[in-house]
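Each reported figure results from applying straightforward, stated rules to the coordinates on display, with no laboratory input. All figures in this text were calculated on a predicted structure; none of them were measured in a lab. Note that we place each Cβ from the backbone using ideal geometry, even for glycine, and neighbour counts take in every protein chain shown.
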Amino acid sequence: MNQFLASARDTVHTQLWPLPDFGVALAAVLGVLPARVDFYWGQTLPSWMSAVIFDGDLGAARTLLDAIASSLITVTSLTFSLTVATLQLASSLSSPRLLRTFTSNCR
């Protein structure tokens, strides 16, 4: 059992995808949460909480979410592309073991 856990931990630490996958799953859960809060407590929220929550119409909310989503997609794809290109260049110049060493040091 300890060997399995050690192997799983090593796989998570050396792979490039587990942390982004966890982030996507967390974002999906946190994305559904406000809709559920609005559905159950929509008109019965306290006044102080209504002032904190976004107070725009549907068009303003769509525009805001479009801007946030497009900027996040741009930043994520740029970061991932630069990381992969850098690791590929480094591993081709030095040795393929450098990639495993680099990803294991990024804990």
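Remarks
- One chain, two ends: GLN3 and ILE53. Fully extended at 0.36 nm per residue, the span grows by 13.2 nm beyond their Cα-Cα distance.
- Couplings for segment 27-36, taken from phi via the Karplus curve 6.51 cos²θ - 1.76 cosθ + 1.60 with θ = phi - 60°, read 5, 5, 5, 6, x, 7, 4, x, 5, 5 Hz in order; Gly and Pro are left as x.
- Phi-derived couplings, Karplus 6.51 cos²θ - 1.76 cosθ + 1.60 at θ = phi - 60°, listed residue by residue for segment 66-82: 4, 5, 5, 5, 5, 5, 5, 5, 5, 5, 5, 5, 5, 4, 5, 5, 5 Hz, with x used for Gly and Pro.
- Under 11 Å from a label point set 7 Å out along the Cα-to-Cβ vector of VAL32, no amide N atom of segment 44-69 is found.
- Using a Förster distance of 22 Å, the FRET efficiency for LEU16-ALA85 (Cβ separation, nearest 0.05): 0.95
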